[in-house]
Amino acid sequence: MRLNLDKSTWKRVAFGDVIDSITDRVDDPSMAGVDRYVGLEHLDPGVLTVQRWDRPDKVEAQKLRFKPEDVIFGRRRAYQKKVARADFEGICSAHALVLRARPGLIDPSFLPVFVASDYFLDRAIEISVGSLSPTVNWGQLKTQEFVLPPFPEQKPIADVIWAIERHKNALGAVDVALTESQAPLMAVDAESFVTVDDVVTIARSGATPLRANKSFYGGGIPWLKSGEVIGDDITATEESISDAGLARSATWLAPSGSIVVAMYGDGKTRGQVGRLGTPMCTNQAVLALVPDESMADPDFLYYWLRSRQAELRSKGAGAAQKNLSKALVVTEPFPNLSRESQKAAAQKVLALNTARDQAISEATELSRVRSALIAEIFGGN
């Protein structure tokens, strides 16, 4: 898809001649008379509208007021490329610039497309000052010159980008809805429960092969670490061990299809559940569970444990770092359902996941198309 723009009528203008920096300061956020605060942490690179926020009474210090159609630009660390249009009134971080289109000079729908472009952001990064937290100063930014289309041509150009953005956002909403739909499917109505220990074989995992023995590493056997437990069909790992490393250590080769649980990690790691797409070895940092298929449908067991990741994570124990133990995991309840009932529930989740993957893939392609079009719009200027 190409726009084939005629840029012969485009003109070079100073940023500050067509765009205003709004400095309506709010000293007490809790008294701002609005219900949304947008910090830099709420701005997502590559998303053209503000999608996340917090309450003003949760923050202190001076903030900036913005109105609908204003653009919030993260001027601190501009290389993070945080730019979004606000569709509501609120206050934002003073580490942002609130940019407003001057009537008749910049169309409000064109402004966020322009500010989110590499054409603008590369210049903003270039003029940032400071080493630890490079910041864009309005005094310098307003003098920067850019080649822009005449006012009547701006909205038709922006409309193409916004059509893609709306479709992408709709797919994001589908992704969220499909993800949330999985939880009720796992809230099964079972009359009784057994434990995970009753329906699995525990893959033995022992000490890491001796690091000092280089011949134990670099072989063809994937070595799985807790931070690599990232979901379904795990096939790649950063490290691998050799046949000698496997034979002369306490670890065990967990078969493909094993359900793995990250036992360590204070970040987002502990309690994460994944499934092996190929045989792998690990140590006590990851617990590998092999489903007993006479008792548990492998897909249902996997989705069941994934639905309980938050509960697993909350059970971590320890002073320096809260870790899980094998006993904590295998005593998790498991619905005492027939294999047929388990399989039916798992197939519904699988269908949702397939639809979700399709939505994500389409959204990714739309992001690529949008980026290509913005590059075409402002390329060569």
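Structure values in brief
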item: Subset of the range 336-362 [closer than 30 Å to PHE110 by Cα and crowded, with 18+ Cβ neighbours inside 10 Å]; result: ALA359
item: Long-range neighbours under 7 Å by Cβ, at least six apart or interchain, first residue surrounded by 12 or more Cβ atoms within 10 Å (Cβ to Cβ) within the range 14-27, second among the small types (Gly, Ala, Ser); result: ILE19/ALA101; VAL26/ALA32
item: Among the candidates ASP20, ASP44, ASP35, residue that is among the acidic types (Asp, Glu), in contact with a Lys or Arg (Cβ under 8 Å, 6 or more places away or on another chain) and not in a loop (DSSP other than H, G, I, E, B); result: ASP20
item: Matching residues in the range 118-140 - criterion: being within 29 Å of ARG368 (Cβ to Cβ) and of a type outside the set (Asp, Glu); result: TYR119, PHE120, LEU121, ARG123, ALA124, ILE125, ILE127, SER128, PRO134, VAL136
item: Segments classed as helices (runs of 4 or more DSSP H), wholly inside the range 270-381, with at least 2 members that are touching a helix residue (DSSP H, G or I) at 6+ places or on another chain (Cβ under 8 Å), of a type outside the set (Ser, Thr, Tyr) and over 30 Å from PRO209 (Cβ atoms); result: 298-307, 339-378
item: Complete set of residues in the range 214-245 that are surrounded by fewer than 21 Cβ atoms within 10 Å (Cβ to Cβ), touching a Pro at 6+ places or on another chain (Cβ under 6 Å) and part of a strand (DSSP E or B); result: SER240
item: Set SER8, SER30: member being free of Cβ contacts under 8 Å to residues at least 24 places away in the same chain, outside any strand (DSSP E or B) and either at negative phi or of a type in the set (Phe, Trp, Tyr) (or both); result: SER8
item: Selection from the range 120-151 of residues that are over 14 Å from ASN381 (Cα atoms), assigned to a helix (DSSP H, G or I) and without any contact (Cβ under 8 Å) to a residue 12 or more places away in the chain; result: GLU126, GLY139
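One line per residue, one yes/no per condition, for (1) of a type in the set (D, E, K, R); (2) modelled with pLDDT under 90; (3) not assigned by TED's automatic domain parsing to the domain that holds ASP107:
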site: LYS155; (1), (2), (3): yes, no, yes
site: ILE164; (1), (2), (3): no, no, yes
site: HIS167; (1), (2), (3): no, no, yes
site: LEU171; (1), (2), (3): no, yes, yes
site: ASP175; (1), (2), (3): yes, yes, yes
site: LEU178; (1), (2), (3): no, yes, yes
site: SER181; (1), (2), (3): no, yes, yes
site: PRO184; (1), (2), (3): no, yes, yes
site: VAL188; (1), (2), (3): no, yes, yes
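The values are calculated or read from the model by the stated rules, or taken from the named source; none is laboratory data. Just so it is clear, the model here is predicted, and its values are computed rather than measured. Positions of Cβ are generated from backbone atoms using ideal geometry, with glycine treated the same way; all protein chains shown enter the neighbour counts.
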